[in-house]
1. Sort through 128, 145, 167 and tell me the only one that's assigned to a helix (DSSP H, G or I) and β-branched (Val, Ile, Thr).
2. Just need a number here: residues in the range 1-49 that are more than 21 Å from residue 201 (Cα to Cα) and part of a strand (DSSP E or B).
3. Kindly indicate whether any position in the range 56-68 is in a loop (DSSP other than H, G, I, E, B) and modelled with pLDDT under 95.
4. Pairs please, first residue from the range 57-86 and touching a residue at least 12 places away in the same chain (Cβ under 8 Å), second anywhere and of a type in the set (Lys, Arg) and part of a loop (DSSP other than H, G, I, E, B), Cβ atoms under 7 Å, 6+ apart in sequence or on different chains.
5. Which condition number does residue 21 fail, the rest of (1) at pLDDT 95 or above; (2) closer than 13 Å to residue 113 by Cβ; (3) surrounded by 17 or more Cβ atoms within 10 Å (Cβ to Cβ) being met?
6. Out of everything in the range 77-128 that is β-branched (Val, Ile, Thr) and out of contact with any helix residue (DSSP H, G or I) (no Cβ under 9 Å at 6 or more places or on another chain), what residue ends up being nearest to residue 27 (Cα to Cα)?
7. If we keep just the residues of the range 1-18 that are hydrophobic (A, V, I, L, M, F, W, C) and at pLDDT below 95, which is farthest from residue 217 (Cα to Cα)?
Amino acid sequence: MTPTQPTPAAFFGHGNPMNTLAANRYTQAWKDFGAAVAKPRAVLAISAHWYINGTAVTAMPKPRTIHDFFGFPQELFDFDYPASGAPDVANEIIETVKPMYVGLDTETWGLDHGTWSVLAHVFPKADVPVLQLSIHGARDAAYHVELGARLAPLRERGVMIVCSGNVVHNLRRIDWQRPDAAFDWAIRFDEEVRGIMTTNPGRITEVVEHPDYALAVPTAEHFLPVLYLAGLAKACGKPATIVTHGYDMGSLSMTSYGLDAPAMKAKGGDGSPPFPDPRDIPADDTNT
């Protein structure tokens, strides 16, 4: 990649871990994204599922595949994503974000399902080195946006930044009768975030004051990854584009965003969503 062609970045709404093994309109969009980008030097993943009281980056040469869930079929527990790590890139990240602090994790974590459920489709051969950056649970929204912005130079050096969570994620409000639809409050909040991300991502911290924030984001870990893409977008002065969007089980948003993402150009040059709004899908369509 040249300085005029930064490596794309993305936020993926990863949803149910079973999306790892599924073929649906979301996983197809992830596949299309991966097929359309040049193979990066490495992927830095920022997953909702490494949520700790600190900021660290994995630095082991062979990160393990973490099955951080329960109650799913054995086939999902058997899934392995054998990507190598990139200790050299980990050290580069530490230097890039200074004076903000990032610690090195050489043995504790690995690749959790927020990362590999998506990368299983984006880079199915697991032939790109992958690192993970933890999410500091004790920091406010502005910290995550700033750290995202400080990561921006990595995109000029061939590192793809992949953020993984869900804009709306309220498991206590799941409605199994809404397999491809959402509650009004979930739609309102998702659309508010969508309007900001596609016009002025620097305003993203304002959504914590939105009247539906408490329902849409009862806990912060799944929402915070989108702030890193907002920071990257703010740093380069560009809005994000929509990779795909939709809802699952009433209280999950599957919206995904790209930055300098050729997959969207290939789909429709104007940055419009490649799939229909889920509210326009017949009620008997149960594709999730």
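1. Working: 128 fails: assigned to a helix (DSSP H, G or I); 167 fails: assigned to a helix (DSSP H, G or I).
Selected residue: 145, the only one of 128, 145, 167 that is assigned to a helix (DSSP H, G or I) and β-branched (Val, Ile, Thr).
2. Counting residues in the range 1-49 that are more than 21 Å from residue 201 (Cα to Cα) and part of a strand (DSSP E or B) gives 2.
3. First, pick out the residues of the range 56-68 that are in a loop (DSSP other than H, G, I, E, B): 59-63, 66-68.
Okay, now just the ones that are also modelled with pLDDT under 95, so 68.
The answer is yes, given that some residue of the range 56-68 is in a loop (DSSP other than H, G, I, E, B) and modelled with pLDDT under 95.
4. Matching pairs, first to second residue: 84/62; 85/62.
5. (3)
6. Pass one, the range 77-128, residues β-branched (Val, Ile, Thr): 89, 93-94, 96-97, 102, 106, 108, 115, 118, 122, 128.
Next, only the ones that are out of contact with any helix residue (DSSP H, G or I) (no Cβ under 9 Å at 6 or more places or on another chain) stay: 94, 108, 115.
On the way: 94: 32, 108: 29, 115: 13 Å.
Ranking the qualifying residues of the range 77-128, first place goes to 115.
7. Applying the first criterion (hydrophobic (A, V, I, L, M, F, W, C)) to the range 1-18 yields 1, 9-12, 18.
Subsequent filtering for residues that are at pLDDT below 95 retains 1, 18.
Values: 1: 36, 18: 22 Å.
Taking the candidates together, the pick is 1.
The values are calculated or read from the model by the stated rules, or taken from the named source; none is laboratory data. For clarity, every value in this text was computed on a predicted model and none was experimentally measured. Virtual Cβ from ideal backbone geometry, glycine too; neighbours counted across all protein chains shown.
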